[in-house]
Amino acid sequence: MEIIFYILSAVAGAIIALVAYITVRKIVLKGKKEEILEKARIEAESIKKEKIYQAKEKFLQLKSEHEQYINEKNNQIHDAENRIKQKENSLNQQNSELSRKQKEADAIRENLKAQVEQVSRKSEEYDRLRAEAISQIENIAGMSAAEAKNQLMENMKAEARTQAQSYINDVMDEARLTASKEAKRIVINTIQRTASETAIENAVTVFNIENDEIKGRIIGREGRNIRALEAATGVEIVVDDTPEAILLSAFDPVRREVARLALHQLVVDGRIHPARIEEVVAKVQKQLEDEIMETGKRTCIDLGIHGMHIELVKLIGRMKYRSSYGQNLLQHAREVANICATMASELGLNPKIAKRAGLLHDIGKVSDEDPELPHAILGMKLAEKYKEKPEICNAIGAHHEEIEMTSIISPLVMVGDAISGARPGARREVIESYIKRLKDMENIAQSHQGVTKTYAIQAGRELRVIVGAEQVSDQDAEALSKEIAKKIQDEMVYPGQVKITVIRETRSVAFAK
C-alpha cells in the first residue's frame, strides 16, 4: 500500500510539475512575444520615417529638375521670340527695299517705252529712206535689187568653187606624197623590227639508232614490223645502208613526228611486234595531241594573247606541224602577229587586236572542216564560231581579198601576211606544190565510201588505202583500187606512175577469262 501511495504521490507530483512548467513557459513566451512585437513596431516606425524622408527628398529632386526644365523651355521660347522679331524686322526692311526698287523699275519701264517709240519712229524713217535709195539705185543700174543680189551670189559661188577646188587639189597632192612616205616608213620599220627565219622544212626525218642490230628488230620477221608501223602511221620507213640511221619519209610533219616518237619508245622498250606497234602509235598520237595543246597555249602566252577559245588554241598548236610553201605555219603566224602589232602601234591603233588577228589569219589551213572552202573563209567561220570579235573575223576572211574589208585591221593583216611570205628565204615553191599534190591524192582516195585512212608514200609514187572490212569486200577492194587510179589519172598531173594499194584486213578478237 505504501508503494502504491508512493507511486501515486510521484505521479501526482510529476503532473503538478508538468502543469507548472507549462504555465511558466506560457508566461515566458507571452513576455517574449510582446517584446518581439514591440521591437517590430519600433523598426516599422523607423522604416516608415526613413521612407517618408526618402520620398520627400525624391519629390524635392523631381521638383527641382522640373523647375530647371521649365526654365530651359522658357529660355528657348524667349530666344525663338527674339529670332522671330528679328526676322520680322528684316522682312519689313526687305519689303520697303522691294517697294523702292519696284518704283525704280516702273520708272525705267516708262523710260524704255519712250525710247522704243522713238526707235520705232526712226526705223520707219530709215525704211522710207532705204526704199528711196534702193529705187534710185535700181533706176541707175537698170536692174532690180533681187537681180543684183542673185548675180552677186553667183559670182561669189563661182569664185569660192574655184578656190576650193584649187585648195582640194593641193591638199590631195600633199596627202598622197605624205601617205606614200608614211606607209613606206611604217612597213620598213616593221620589217626591220621583226626577227625572221628562213624555210627549213623538208619531207624526211632521220631517226638515229645506236647500232645496226636494231634495224633487224625494227624490220621484223619477213618485214611484218615495218609494214605494221607504216600502216599505223602512214609514214614510209626507209631502212638502207646508212649507218646508225633510219629515214622516215612523209609529207605530213605530224605523221613523221608520230612515227619518230613511236620508234623511240619501241626501241627503248625493246618489245617490237605488230600488236605493240599499234598500241604505242595510239599512245603517241594521244601524247602529240597534248603537246599540240601545250604548244598553242605557250604561243598565246608568249604573244600576250588571253581569253582565246580552247579549240582555237588547239588549232594554233597544230600549226607547228604544218607548212606553207616550205615556211613553218606557226612561225609564219607568229611573225604576222608581230608585224601587225608593230604597224598598229605606228598607226595609233589597238596592237592587241591586230596581233590576235595576225596569229589567227591562217587557222583555216589546219582545220579538217569543209576542205572545199578557201582557207581564209574557213578561218573566218571558225573565228565566228568561237566568238571572236567581228573586226578579227573580217581580217581573217579578207586577208586574201576574198571578202570585202570592213575593219581597219584587215589591211594590216593582209600586208603582214605578204611581208612575212614575200621576204627572201621565207618560202620554197617547189616543196609546197609537191606536198599539195600528195594531199590532193589522199583526199581523192578519202572521198570514196568505206575508206578509213589514206597514206601517200614513196614520194607520191604509191598510195595506200585502208578500208573497213565490214563495209568493203574483197571484190569491192579490187574495184575501188581501179576507181581511185582512174580518178587520179583524170584529175591530177604527176610524174611517172602511182601505185594504188587497197588494204582490207579482218580481225577477230576474243578474250580468255
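The values are calculated or read from the model by the stated rules, or taken from the named source; none is laboratory data. Keep in mind it's a predicted model, so treat the numbers as computed, not measured. A quick note on method: Cβ atoms are made from the backbone with ideal geometry, for glycine too, and the neighbour counts reach across all protein chains shown. These accessible areas exclude ligands, DNA and RNA; they are computed on the full protein's heavy atoms, side chains included. Shrake-Rupley method; radii C 1.70, N 1.55, O 1.52, S 1.80 Å.
Observations on the structure shown:
- A residue that is at pLDDT 85 or above, under 25 Å from residue 275 (Cβ atoms), outside any helix (DSSP H, G or I) and open to solvent by 90 Å² or more (accessible area, probe 1.4 Å) occurs nowhere in region 489-504.
- Failed item in (1) under 19 Å from residue 281 (Cα atoms); (2) open to solvent by less than 50 Å² (accessible area, probe 1.4 Å); (3) modelled with pLDDT of 75 or more, with residue 207 passing the rest: (3)
- Test: residue in region 40-47 that is at pLDDT below 75 and open to solvent by less than 90 Å² (accessible area, probe 1.4 Å): no
- Qualifying position, being charged (D, E, K, R) and open to solvent by less than 90 Å² (accessible area, probe 1.4 Å), among 97, 88: 97
- Filter result for the condition that a residue is surrounded by fewer than 17 Cβ atoms within 10 Å (Cβ to Cβ) and without any contact (Cβ under 8 Å) to a residue 24 or more places away in the chain, over 348, 397, 379: 348
- Against the conditions (1) part of a helix (DSSP H, G or I); (2) closer than 25 Å to residue 208 by Cα, residue 337 satisfies every one except (2).
- Verdict on residue 356 being basic (Lys, Arg) and in contact with a Leu (Cβ under 9 Å, 6 or more places away or on another chain): yes
- For residue 333: the one exception among (1) surrounded by fewer than 23 Cβ atoms within 10 Å (Cβ to Cβ); (2) in contact (Cβ under 8 Å) with a residue 24 or more places away in the chain; (3) within 26 Å of residue 291 (Cα to Cα): (1)
- Selection count where residues are open to solvent by 70 Å² or more (accessible area, probe 1.4 Å) and either among the hydroxyl-bearing types (Ser, Thr, Tyr) or in contact (Cβ under 8 Å) with a residue 24 or more places away in the chain (or both), scope region 303-325: 3
To keep it simple, each residue is scored yes or no on (1) modelled with pLDDT of 75 or more; (2) under 60 Å from the mean Cα position of the chain (by Cα); (3) open to solvent by less than 90 Å² (accessible area, probe 1.4 Å).
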residue: 92; (1), (2), (3): yes, no, yes
residue: 167; (1), (2), (3): no, yes, no
residue: 171; (1), (2), (3): no, yes, yes
residue: 177; (1), (2), (3): no, yes, no
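- Among (1) open to solvent by 50 Å² or more (accessible area, probe 1.4 Å); (2) part of a helix (DSSP H, G or I); (3) within 22 Å of residue 443 (Cβ to Cβ), the one test that residue 373 misses: (2)
- Only one of the listed residues (311, 289) is charged (D, E, K, R) and closer than 27 Å to residue 238 by Cα. That residue is 289.
- Here region 444-455 is the region considered, the condition is being in a strand (DSSP E or B) and touching a Lys or Arg at 6+ places or on another chain (Cβ under 8 Å), and the residue that is nearest to residue 504 (Cα to Cα) is 454.
- Selection within region 295-350: residues that are among the small types (Gly, Ala, Ser) and under 19 Å from residue 254 (Cα atoms). The member of this set that is farthest from the chain's Cα centre (by Cα) is 326.
- Between 155, 139, 150, the distinction of being exposed (fewer than 10 other Cβ atoms within 10 Å of the Cβ), at pLDDT 70 or above and over 30 Å from residue 346 (Cα atoms) belongs to 139 only.
- Among all residues of region 455-475, there is at least one that is more than 22 Å from residue 255 (Cβ to Cβ), out of contact with any Asp or Glu (no Cβ under 7 Å at 6 or more places or on another chain), surrounded by 13 or more Cβ atoms within 10 Å (Cβ to Cβ) and of a type outside the set (D, E, K, R).
- Looking across region 231-285, the residues that are aliphatic (A, V, I, L, M), open to solvent by 10 Å² or more (accessible area, probe 1.4 Å), over 27 Å from residue 440 (Cα atoms) and touching a residue at least 40 places away in the same chain (Cβ under 8 Å) come down to 267, 272.
- Restricting 276, 224 to those that are in a helix (DSSP H, G or I), more than 24 Å from residue 456 (Cβ to Cβ) and more than 41 Å from the chain's Cα centre (by Cα) reduces the list to 276.
- The residues of region 237-273 that are within 20 Å of residue 452 (Cβ to Cβ), touching a helix residue (DSSP H, G or I) at 6+ places or on another chain (Cβ under 6 Å) and not in a helix (DSSP H, G or I), listed by number, are 250, 251.
- Residue 73 falls short of the stated requirement of being open to solvent by 90 Å² or more (accessible area, probe 1.4 Å) and in a helix (DSSP H, G or I).
- Subset of region 379-391 [outside any loop (DSSP other than H, G, I, E, B), closer than 25 Å to residue 344 by Cα and out of contact with any Cys (no Cβ under 6 Å at 6 or more places or on another chain)]: 379, 381, 382, 390, 391
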